[in-house]
1. Out of segment 228-249, which residues are closer than 22 Å to Val115 by Cβ and either loosely packed, with under 14 Cβ neighbours inside 10 Å or not β-branched (Val, Ile, Thr) (or both)?
2. Filter segment 163-194 down to residues that are part of a loop (DSSP other than H, G, I, E, B) and under 23 Å from Arg230 (Cα atoms) and give me whichever is modelled with the lowest pLDDT.
3. Hey, among the residues in segment 137-170 that are farther than 25 Å from Lys117 by Cα and of a type in the set (A, V, I, L, M, F, W, C), which one's surrounded by the fewest Cβ atoms within 10 Å (Cβ to Cβ)?
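The values are calculated or read from the model by the stated rules, or taken from the named source; none is laboratory data. Being a predicted model, the structure only gives us computed values, none of them experimental. Cβ sites come from the backbone with ideal geometry, for glycine too, and all protein chains shown count toward neighbours.
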Amino acid sequence: MRRFFTEPENVDKESNTLGIIEDAAHITRVLRMKPGDCITVFDGSGFEYTARISRILDGQICADIIDASFSELEPRVKVTLFQGIPKAGKLDTIVQKAVELGVFRIVPFAAERSVAKISNDKKGLQKIERLNKISREAAKQCGRGITPRVEQPVTVGEMAEMLGTLDMSIMLYEKLGHSGERSLRSILRRDAESIGIIIGPEGGFSDSEAALLLDKASVHAAGLGPRILRTETAGSAALAIVMYEKNEI
């Protein structure tokens with residue numbers, strides 16, 4: 001059955017109906033679906049609905065809810081990917097693959113060696129909005145119950161404060177090696193319900209940034225083997241390892 005997205009506020013649990021706006025054109029013009037057809041709808045907050053289209057009007061679809069359930073496909077461990085802002089359109093791919101692998105949220109950050117920037121003006125807000133749309137599409141395609149949020153960019157200092165709210169964070173930092181106690185497998189033996197993965201931009205972290213982050217008691221430095229991975233590859237590799245070690249893959 002086809003799977004579509006709607007905002008939680010478009011679901012009326014009292015009347016057992018829901019509305020679809022974002023995917024309405026695709027449903028009607030491309031798929032040629034009509035009243036009476038059944039669809040699967042998720043609201044990005046964990047709920048999923050089986051619904052029957054009742055009306056199509058003014059660019060919106062109205063549907064009657066047949067069944068509602070809470071998704072059981074979400075990982076038990078909540079992983080936040082802190083991603084140094086990369087060049088060009090690499091962040092699009094990073095977001096898409098992270099969502100497929102089960103990330104909980106994505107926080108871009110600007111480092112000293114970041115070449116690209118995401119501003120806080122209208123253009124920057126549009127970039128984040130587009131990344132959140134990529135997240136929704138990826139969540140829709142891979143069967144996620146939630147839509148991982150791409151947050152507004154933060155500084156390294158702001159990120160350091162955010163790390164204090166997590167049980168554990170892993171900073172991919174090749175300078176300190178990747179064996180023994182710095183191997184991901186060793187670090188992930190510790191119990192944690194919320195984990196941060198910190199990936200630097202193409203130029204890596206400055207010594208002062210690394211010192212600031214590693215000063216946090218919950219932050220562990222680790223590597224991903226003897227080969228150097230690109231920033232757009234490292235996050236996916238680390239996420240896959242975390243999910244495997246936590247029995248989520």
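1. Our first condition is that a residue be closer than 22 Å to Val115 by Cβ; within segment 228-249, this holds for 228-238.
Once the filter is applied, which keeps residues that are closer than 22 Å to Val115 by Cβ and either loosely packed, with under 14 Cβ neighbours inside 10 Å or not β-branched (Val, Ile, Thr) (or both), segment 228-249 yields Ile228, Leu229, Arg230, Glu232, Ala234, Gly235, Ser236, Ala237, Ala238.
2. Ser179
3. Here the answer is Cys142.
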